[in-house]
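**Student:** The structure follows.
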Amino acid sequence: MHIPPPAPRQTYWNRMILNAFWLVLLVHLLTQTVICLSMQGDCPELSGKSYLIGNVLLPDIMILGTLLVLEAIYKWRPLLSEISNVAASHLIAIVMILNLSDVFYVKPLIMLIPLLVSMLYLRSTYLKATSILCVTYMILLLLEPSVSDNSLRVQNMIIAFILTGTALAGFALIARGRDLMQSLESSLKSEQDLRIQNIIMDRLSKVDPLTELYNHKTFHEYLGWLIEHQQSNPFPMQLAVLDIDNFKKVNDQYGHWVGDIVLRQVAGIVLKHIGADDFAARYGGEEFVVILTAKPLEDSRRIMTQILHGIAALPVAEMDGNSVTVSIGMHDYAGTDSKSSTFQQADDALYEAKKTGKNKIVVA
């Protein structure tokens, strides 16, 4: 089974948190080293070779090993990077706390590291687990028999309040983040629905719903656009106007619903034979138009002949197996033709085809 990769933003935050861990390691190493070197002779418990090895180098090596594992997970198992970062934040905090001297009374504040990491991922499950760990740690710290100094107990209580306040702020932040994400999702969905609606409306305004060909308005817009481009970049173009012969008889004899079936079948034959560079529209009623481009007149006439024969050879089941025919007028565009004259000449050729027997093509 293929497992999808994490989202780009999730990968970004995994990387940012990893970078923050490296910064924590660097700061911890530098501050501990400075303290160890500056306390030589003044504070034996914070200096000397044993402290440097046991309280500085050893924990930093453990943290370094943890970060190298996290880097490997980030590269090779990115889906596990998030949970690994959260777990590692607890491990790093515990290692630092256990190896810091008791002289540093504020060391419980290091538990802010996993709290902040859990908050950044906006997952209440992580924050709940971290909060439970913090509460347990602070309770054990407050109940520790060795802590007899009341001022130290008060200080620990203040730290406990700080951690509790941070956790509560984290839950509020996560709730607010979810509200914002839901609002954003709702806004994006509304925008997407509006975009889809606009696409549908745009299509409805350009397409004939019965035949799914372009409509009269779109035909005139496209023909005008093609003629404008002919001025700077001439190319072969022919306009064909098709009209179903005796269509009124079809409606009168079989009903308008059968007439609609005939219109759809004729549109299907037209679409079957024209090319990707060509254009077909229902002009109105039983009349269709086809614009053929980038081919000589002979090729365009051959295509229209195939359409003519294809329609005549297609039986209509609802008409007892009979078929309809079409008459076609064509005009080969000349560079001096306007949009109206181009259509008029093709329409005149259609009239000539109708008058001289129908089911034929006349080129003007």
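**Student:** Restricting the search to the range 47-66, which residues are open to solvent by 30 Å² or more (accessible area, probe 1.4 Å) and within 10 Å of I92 (Cβ to Cβ)?
**Tutor:** Across the range 47-66, the qualifying residue is only M62.
**Student:** So which pairs qualify, if the first residue must be in the range 206-228 and touching a residue at least 24 places away in the same chain (Cβ under 8 Å), the second must be among the basic types (K, R) and part of a helix (DSSP H, G or I), the Cβ gap must be under 7 Å, and the two must be at least 6 apart or on different chains?
**Tutor:** L210/R264; T211/R264; Y214/K206; N215/K206; T218/K206; L223/K339; G224/K339; I227/K339
**Student:** Here is a follow-up. Can you tell which of M119, M96, M111, M138 is buried (at least 18 other Cβ atoms within 10 Å of the Cβ) and over 30 Å from R9 (Cα atoms)? Walk me through how you get there before you give the answer.
**Tutor:** Numbers: M119 fails: over 30 Å from R9 (Cα atoms); M96 fails: over 30 Å from R9 (Cα atoms); M111 fails: over 30 Å from R9 (Cα atoms).
After applying the criteria, what remains is M138.
**Student:** Considering only residues of the range 192-211 that are under 15 Å from the mean Cα position of the chain (by Cα) and open to solvent by less than 90 Å² (accessible area, probe 1.4 Å), which is modelled with the lowest pLDDT? Show your work before the answer.
**Tutor:** Looking only at the range 192-211, we keep the residues that are under 15 Å from the mean Cα position of the chain (by Cα), and these are 192-193, 195-196.
Filter once more, so that each one left must be open to solvent by less than 90 Å² (accessible area, probe 1.4 Å): 193, 196.
Working: D193: 75, I196: 69.
Among those that are under 15 Å from the mean Cα position of the chain (by Cα) and open to solvent by less than 90 Å² (accessible area, probe 1.4 Å), it is I196.
**Student:** Follow-up. Here is a check on your reading of the model: is N156 open to solvent by 70 Å² or more (accessible area, probe 1.4 Å), in a helix (DSSP H, G or I) and more than 30 Å from V324 (Cα to Cα)? Can you show your working first?
**Tutor:** Working: open to solvent by 70 Å² or more (accessible area, probe 1.4 Å): no; in a helix (DSSP H, G or I): yes; more than 30 Å from V324 (Cα to Cα): yes.
Against the criterion (open to solvent by 70 Å² or more (accessible area, probe 1.4 Å), in a helix (DSSP H, G or I) and more than 30 Å from V324 (Cα to Cα)), N156 does not qualify.
**Student:** For the range 278-325: of the residues being in a loop (DSSP other than H, G, I, E, B) and without any contact (Cβ under 8 Å) to a residue 40 or more places away in the chain, which is least open to solvent (accessible area, probe 1.4 Å)?
**Tutor:** Applying the first criterion (in a loop (DSSP other than H, G, I, E, B)) to the range 278-325 yields 278, 285-286, 294-296, 313-316, 320-325.
With the extra rule that they be without any contact (Cβ under 8 Å) to a residue 40 or more places away in the chain, the set shrinks to 278, 285, 313, 315, 320-323.
Working: D278: 20, G285: 39, A313: 79, P315: 73, D320: 127, G321: 42, N322: 76, S323: 50 Å².
Going through the qualifying residues, I end up with D278.
**Student:** Say whether the condition of being at pLDDT below 75, assigned to a helix (DSSP H, G or I) and not polar (S, T, N, Q) is met by at least one residue in the range 46-56. Break it down stepwise before answering.
**Tutor:** Let us first name the residues in the range 46-56 that are at pLDDT below 75, namely 46-48.
So of that shortlist, the ones also assigned to a helix (DSSP H, G or I) come out as 46.
Filter again for not polar (S, T, N, Q), leaving 46.
Yes, the range 46-56 contains at least one residue that is at pLDDT below 75, assigned to a helix (DSSP H, G or I) and not polar (S, T, N, Q).
**Student:** If W225 passes every condition in (1) farther than 21 Å from E286 by Cβ; (2) modelled with pLDDT of 90 or more; (3) open to solvent by less than 70 Å² (accessible area, probe 1.4 Å) but one, which one does it miss?
**Tutor:** Condition not satisfied by W225: (3).
**Student:** Taking the range 221-265 as the search range and keeping residues that are in a helix (DSSP H, G or I) and among the acidic types (D, E), which one is nearest to A334 (Cα to Cα)? Give the derivation first.
**Tutor:** As a first pass, look at the range 221-265 and keep what is in a helix (DSSP H, G or I): 221-230, 247-254, 256-265.
Of the ones still in play, those that are also among the acidic types (D, E) are 221, 228, 252, 260.
Working: E221: 19, E228: 13, D252: 40, D260: 35 Å.
Taking the candidates together, the pick is E228.
**Student:** If I filter the range 230-245 for residues that are free of Cβ contacts under 8 Å to residues at least 60 places away in the same chain, surrounded by 10 or more Cβ atoms within 10 Å (Cβ to Cβ) and among the charged types (D, E, K, R), do I get at least one hit? Before you say what the answer is, go through the steps one by one.
**Tutor:** So the first thing to find is which residues in the range 230-245 are free of Cβ contacts under 8 Å to residues at least 60 places away in the same chain, and the list is 231-233, 235.
With surrounded by 10 or more Cβ atoms within 10 Å (Cβ to Cβ) added as a condition, the list becomes 235.
Adding the requirement that they be among the charged types (D, E, K, R) leaves none.
Checked against the condition, which is being free of Cβ contacts under 8 Å to residues at least 60 places away in the same chain, surrounded by 10 or more Cβ atoms within 10 Å (Cβ to Cβ) and among the charged types (D, E, K, R), the range 230-245 yields no hits at all.
**Student:** May I ask you to say which residue of K189, K248 is of a type in the set (K, R) and either closer than 26 Å to G284 by Cα or more than 22 Å from the chain's Cα centre (by Cα) (or both)? Full working, then the answer.
**Tutor:** Numbers: K189 fails: either closer than 26 Å to G284 by Cα or more than 22 Å from the chain's Cα centre (by Cα) (or both).
Exactly one residue qualifies, and that residue is K248.
**Student:** May I pose another question? Under the condition of being assigned to a helix (DSSP H, G or I) and free of Cβ contacts under 8 Å to residues at least 12 places away in the same chain, which residue from the range 70-86 is surrounded by the most Cβ atoms within 10 Å (Cβ to Cβ)?
**Tutor:** First, the residues of the range 70-86 that are assigned to a helix (DSSP H, G or I): 70-76, 78-86.
Narrowing further to those that are free of Cβ contacts under 8 Å to residues at least 12 places away in the same chain: 72-73, 75-76, 80, 83.
Working: A72: 11, I73: 20, K75: 9, W76: 9, L80: 15, I83: 13.
Step by step, filter the range 70-86, then rank; the result is I73.
**Student:** Could you pull out the residue among I274, I261, I307 that is touching a helix residue (DSSP H, G or I) at 6+ places or on another chain (Cβ under 6 Å), over 21 Å from D348 (Cα atoms) and at pLDDT 95 or above?
**Tutor:** Details: I274 fails: touching a helix residue (DSSP H, G or I) at 6+ places or on another chain (Cβ under 6 Å); I307 fails: over 21 Å from D348 (Cα atoms).
Result: I261 is the single residue among I274, I261, I307 that is touching a helix residue (DSSP H, G or I) at 6+ places or on another chain (Cβ under 6 Å), over 21 Å from D348 (Cα atoms) and at pLDDT 95 or above.
The values are calculated or read from the model by the stated rules, or taken from the named source; none is laboratory data. Since the model is a prediction, treat every value here as computed from it, not as a measurement. Every residue, glycine as well, gets a Cβ built from its backbone with ideal geometry; the counts of neighbours run over all protein chains shown. All accessible areas refer to the heavy atoms of the entire protein, side chains included, with ligands and DNA or RNA removed. Shrake-Rupley method; radii C 1.70, N 1.55, O 1.52, S 1.80 Å.
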